[in-house]
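A.B. asks: Quick one: this structure, given as structure tokens, is what I'll be asking you about.
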Amino acid sequence: MTDFIVKDDAFTYLAHLGYLAYDYKSRTCRIPNKEVRMEWFRAISVIKEYKVTDQIVKDSENLLEQTLQQNSADVAKALNRSHVHVASHRNYNNEQALASAVYLAFIDTVVKETSAGNGIADLIYTPLHAGGKYPPMIIELKSNKTASRAVSQIKSKEYFHAFDYYQGRILFVGINYDEKKKHTCEIEVYEK
């Protein structure tokens, strides 16, 4: 513990203790333990320096609720705000910028470009700490097309096979954005 030289040393130590989990593929850390994660959320909600982070967490929770209620208009508005925060004018019209906006908006667990069914789904959302309360989501992104077309692709390519182990509701979320920086969203429920 006395040999920490760079921040990676601290992250490695926390991973060895089990406070963090590391995903080699995406090269990201997450808090795997529900109690530790809840304590982290509590800490950032009361520490002044974490006010922005706390707002991001609250916005993410609200976005998840709006998605579950299939409130497409509010989901599109939230993604408008998120997309503007992560993209510059130069890279706004790029699917990776929108994907980053979705990662920021849905803080829990989003996995990008996952083999599913007969293709590769843009984003798969698997809620980690919900205890079965929230369904998984398949999110397909389109540019200058329609949100409906994105949902159709989820169905036609059978991306839902990514959740063959799962029984219950799965949300199909189609998101489209255009060069005028307007997002549209369509949400369908699929029952397995």
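A.B. asks: Please go through the range 131-159 and pick out each residue that is in contact with a Phe, Trp or Tyr (Cβ under 7 Å, 6 or more places away or on another chain) and open to solvent by less than 10 Å² (accessible area, probe 1.4 Å).
C.D. replies: PRO136, MET137, ILE138, ILE139, VAL151, ILE154
A.B. asks: OK, next. Restricting the search to the range 149-188, which residues are of a type in the set (A, V, I, L, M, F, W, C), more than 14 Å from ASP122 (Cα to Cα) and not in a strand (DSSP E or B)?
C.D. replies: Of everything in the range 149-188, just one residue is of a type in the set (A, V, I, L, M, F, W, C), more than 14 Å from ASP122 (Cα to Cα) and not in a strand (DSSP E or B), namely PHE163.
A.B. asks: Within the range 171-192, work out how many residues are open to solvent by 70 Å² or more (accessible area, probe 1.4 Å) and of a type in the set (Asp, Glu).
C.D. replies: Of the residues in the range 171-192, 2 are open to solvent by 70 Å² or more (accessible area, probe 1.4 Å) and of a type in the set (Asp, Glu).
A.B. asks: Can you tell me which residue within the range 160-170, out of those that are in contact with a Phe, Trp or Tyr (Cβ under 8 Å, 6 or more places away or on another chain) and crowded, with 19+ Cβ neighbours inside 10 Å, is nearest to VAL75 (Cα to Cα)?
C.D. replies: It comes out as ILE170.
A.B. asks: Could you tell me whether any residue of the range 177-184 is over 16 Å from the mean Cα position of the chain (by Cα) and modelled with pLDDT of 90 or more?
C.D. replies: Yes, the range 177-184 has at least one match.
The values are calculated or read from the model by the stated rules, or taken from the named source; none is laboratory data. Bear in mind the structure is a predicted one, so any value in this text is a computation, not a measurement. All Cβ positions, even for glycine, are placed from backbone atoms using ideal geometry, and neighbour counts span all protein chains on display. Only protein heavy atoms, including side chains, enter the accessible area calculation; ligands, DNA and RNA are left aside. Shrake-Rupley method; radii C 1.70, N 1.55, O 1.52, S 1.80 Å.
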